[in-house]
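**Student:** Next up is a structure, given as structure tokens.
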Amino acid sequence: MVKNITIFTTNTCAYCQMVKTYLRAKGVGYDEVNLDENPHRRIEAHSLSGALTVPVTVVTKTDDSQEIIVGYNLSKLVPAIS
Amino acid sequence: MSQQIVVYGASWCPDCHRSRTFLDEHHISYDWIDIDEDPAAADKVAQINHGNKTIPTIIFPDDSILVEPSDKALSEKLVTLNIMQPDNKQSAVVTHDVIMVGAGPAALTAAIYTTREDIDTLLFEKGVIGGLAAVTDLIDNYPGFTNGVHGLELADSLRGQAERFGAVIELGEVMSIKDEGKMKRLETTSGDMLARAVLIATGSDYKKTGVPGEAEYYARGVHYCATCDGAFYRDKKLAVIGGGNSAVQESIFLTRFASHIDLLVRSTLKASEVLRSELKQYVAAGKITVHEGVKPKEIVGDDNGVNKIITTDANDKEVVYDIDGVFVFIGLLPNTGFLKSSGIELDAVGLIKTDQNLETNIKGVFAAGDVRSGATMQIASAAGEGATAALKIREYLEGKL
């Protein structure tokens, strides 16, 4: 079961919009960390994902395990939130 | 019973459309007669219906007649006549008038046109709504925007406009298209679907250089989306590979983050005059350095990411650039891999061949935008082709093409 979802985004990133659009369409809530507004949190996104890219979607489960999805990747996002 | 089923109707009649769709879905052939275009047929319908031109009026091979039948009544009749099996599973497959593969400027524009005509339209998008246009920072040559328009903003507007008229965008993938005559079967991530017409507008993706290190450092120093990943290079040094409009436009965008950009052009700059003169300002300010005749050889890095790119210059001499990341914009690759077994004809570079109606070699399957052979790879052209394709699809659905 999903406890919460955090998405690291930027203002100009179209793939970030797609992750948000998908979750909204499925009625799934999320928190957003906008790296343009919070540039200091880039390090956090990088250390979680190992990648220098957004979106980074962090799905935290009820047992506190985490699944990190880099990019707009439905084949990983769909099973992670179901 | 060798005689065909004959459906008398009119193009404006929703019940006629429903009955035809039912027959099409079940691969049952019939003759279609539009009574608006055939006065003798109109008289025949009036004769059958005691003076009323009630449509659809369907005459079966045994001379039995159904007038305005429900799908259930039609199904029962076809089973009685042994034309259809009682447990035909195909009835469970979702059917649409048009399925558009892709939701970039071409498909979204086409959808605006088809949905305004009440043509039931479903779009499939496996990537970003708006396509490559959505990931482009600023689009300066799309008509109607005095100061240009941000790609994401244009994509949002096109999507909103198409959805206002009833277009439905499914976030998923079409894996294959099969021609089944009047109906086309699409294998999708939401199951098999049938469409009376298909528009392929899957566009293209940025090409990769294929040099060592490119795949290894993907998203850890090698990038294809400046608007997504540029923010990670605040005060860092970057290389941009490419010399066309995208490479120059995105280099300019990246200057808002990077301390310096080496623009590595394999031959000579091919960007438009306007972009080149804008580029000069950044060159003069020391933000961008243009290197022409440079061929990338290897992208080198360590556990922390990329730290250099090895190239050869015009004299075949090795030149190394110390950088923190590389952005690649070296041209486009058509998204036609999923058409391999479809029988749709492609050109030598994998773009879809079409005729003057933007129709492929398969009747009822159309293509528009960057994925079409002969396309000019411009967003304005893609939108124009989308509009043309939509009008041709309407003609096709009305049996006029």
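**Student:** When B:Asp205 is evaluated against the numbered criteria (1) more than 10 Å from chain A (Cβ to nearest Cβ); (2) at pLDDT 95 or above, which criterion, by number, is the only one it fails?
**Tutor:** So the condition that B:Asp205 fails would be (2).
**Student:** Condition (residue is in contact with a Ser or Thr (Cβ under 8 Å, 6 or more places away or on another chain), of a type outside the set (Asp, Glu), more than 14 Å from chain A (Cβ to nearest Cβ) and part of a loop (DSSP other than H, G, I, E, B)) applied to the stretch B:234-242: is it met by at least one residue?
**Tutor:** No, the stretch B:234-242 contains no residue that is in contact with a Ser or Thr (Cβ under 8 Å, 6 or more places away or on another chain), of a type outside the set (Asp, Glu), more than 14 Å from chain A (Cβ to nearest Cβ) and part of a loop (DSSP other than H, G, I, E, B).
**Student:** From (1) out of contact with any helix residue (DSSP H, G or I) (no Cβ under 6 Å at 6 or more places or on another chain); (2) over 19 Å from B:Val290 (Cβ atoms); (3) of a type outside the set (A, V, I, L, M), pick out the condition that doesn't hold for B:His223.
**Tutor:** That leaves (1) as the condition not met.
**Student:** Here is a further query. I want to confirm something. Restricting to the stretch A:35-45 and keeping residues that are touching a strand residue (DSSP E or B) at 6+ places or on another chain (Cβ under 8 Å) and facing chain B (nearest Cβ under 10 Å), which single residue is farthest from A:Thr60 (Cα to Cα)?
**Tutor:** My answer is A:Leu35.
**Student:** Residues of the stretch B:301-318 being more than 14 Å from chain A (Cβ to nearest Cβ), surrounded by 16 or more Cβ atoms within 10 Å (Cβ to Cβ) and not charged (D, E, K, R), which ones?
**Tutor:** Correct list: B:Ile309, B:Ile310, B:Thr311.
**Student:** Next question. I'm trying to understand the selection: among the residues of the stretch B:182-239, which are under 30 Å from B:Lys353 (Cβ atoms), among the basic types (Lys, Arg) and surrounded by fewer than 21 Cβ atoms within 10 Å (Cβ to Cβ)?
**Tutor:** B:Lys182, B:Arg185, B:Lys207, B:Lys208
**Student:** If you don't mind, another one. Run down B:Asp324, B:Asp370 and say which single residue is surrounded by fewer than 24 Cβ atoms within 10 Å (Cβ to Cβ) and among the acidic types (Asp, Glu).
**Tutor:** Every option except B:Asp324 fails the conditions.
**Student:** State whether one or more residues within the stretch B:100-108 are in a strand (DSSP E or B), closer than 30 Å to A:Asn73 by Cα and either polar (S, T, N, Q) or in contact (Cβ under 8 Å) with a residue 60 or more places away in the chain (or both).
**Tutor:** Yes, there is a match, as at least one residue in the stretch B:100-108 is in a strand (DSSP E or B), closer than 30 Å to A:Asn73 by Cα and either polar (S, T, N, Q) or in contact (Cβ under 8 Å) with a residue 60 or more places away in the chain (or both).
Listed here are the residues, each with its yes/no results for (1) at pLDDT 95 or above; (2) assigned by TED's automatic domain parsing to the domain that holds B:Ala390.
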site: B:Leu132; (1), (2): no, yes
site: B:Asp140; (1), (2): no, yes
site: B:Leu154; (1), (2): yes, yes
site: B:Gln161; (1), (2): yes, yes
site: B:Leu171; (1), (2): no, yes
site: B:Gly181; (1), (2): no, yes
site: B:Arg185; (1), (2): yes, yes
site: B:Met193; (1), (2): no, yes
site: B:Pro212; (1), (2): yes, no
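**Student:** Given the criterion aliphatic (A, V, I, L, M), surrounded by 15 or more Cβ atoms within 10 Å (Cβ to Cβ) and in a strand (DSSP E or B), identify the matching residue among B:Val7, B:Val45.
**Tutor:** Result: B:Val7 is the single residue among B:Val7, B:Val45 that is aliphatic (A, V, I, L, M), surrounded by 15 or more Cβ atoms within 10 Å (Cβ to Cβ) and in a strand (DSSP E or B).
**Student:** If you scan the stretch B:321-357, which residues turn out to be over 23 Å from B:Lys126 (Cα atoms), in a loop (DSSP other than H, G, I, E, B), at pLDDT 95 or above and of a type in the set (A, V, I, L, M)?
**Tutor:** B:Ile323
**Student:** While we're looking at this one, here's another question. Output the number of residues of the stretch B:259-280 satisfying the condition of being closer than 20 Å to B:Gly148 by Cβ and touching a strand residue (DSSP E or B) at 6+ places or on another chain (Cβ under 9 Å).
**Tutor:** Of the residues in the stretch B:259-280, 1 are closer than 20 Å to B:Gly148 by Cβ and touching a strand residue (DSSP E or B) at 6+ places or on another chain (Cβ under 9 Å).
**Student:** Also, I was wondering about something else. Confirm whether B:Asp62 is over 30 Å from B:Thr376 (Cα atoms) and at pLDDT 90 or above.
**Tutor:** Criteria met by B:Asp62.
**Student:** Still on this structure, I have one more. Regarding the stretch A:11-29, can at least one residue be identified that is touching a residue at least 60 places away in the same chain (Cβ under 8 Å), away from chain B (no Cβ under 11 Å) and in contact with a strand residue (DSSP E or B) (Cβ under 7 Å, 6 or more places away or on another chain)?
**Tutor:** So far as the stretch A:11-29 goes, no, none of its residues is touching a residue at least 60 places away in the same chain (Cβ under 8 Å), away from chain B (no Cβ under 11 Å) and in contact with a strand residue (DSSP E or B) (Cβ under 7 Å, 6 or more places away or on another chain).
**Student:** Given the structure, is B:Met84 crowded, with 18+ Cβ neighbours inside 10 Å and either more than 18 Å from the chain's Cα centre (by Cα) or in the same structural domain as B:Ser246 (by TED's automatic domain parsing) (or both)?
**Tutor:** yes
**Student:** Ok, one more. Quickly run through the stretch A:48-70 and pick out the residues that are among the polar types (S, T, N, Q) and more than 12 Å from chain B (Cβ to nearest Cβ).
**Tutor:** Those that are among the polar types (S, T, N, Q) and more than 12 Å from chain B (Cβ to nearest Cβ): A:Thr57, A:Thr60, A:Thr62, A:Ser65, A:Gln66.
**Student:** Another one. Go through the stretch B:128-182 and count every residue that is assigned to a strand (DSSP E or B) and within 14 Å of chain A (Cβ to nearest Cβ).
**Tutor:** 10
The values are calculated or read from the model by the stated rules, or taken from the named source; none is laboratory data. Remember, predicted model here, so these are calculated numbers, not experimental data. Backbone-built Cβ (ideal geometry, glycine too); neighbour counts: all protein chains shown.
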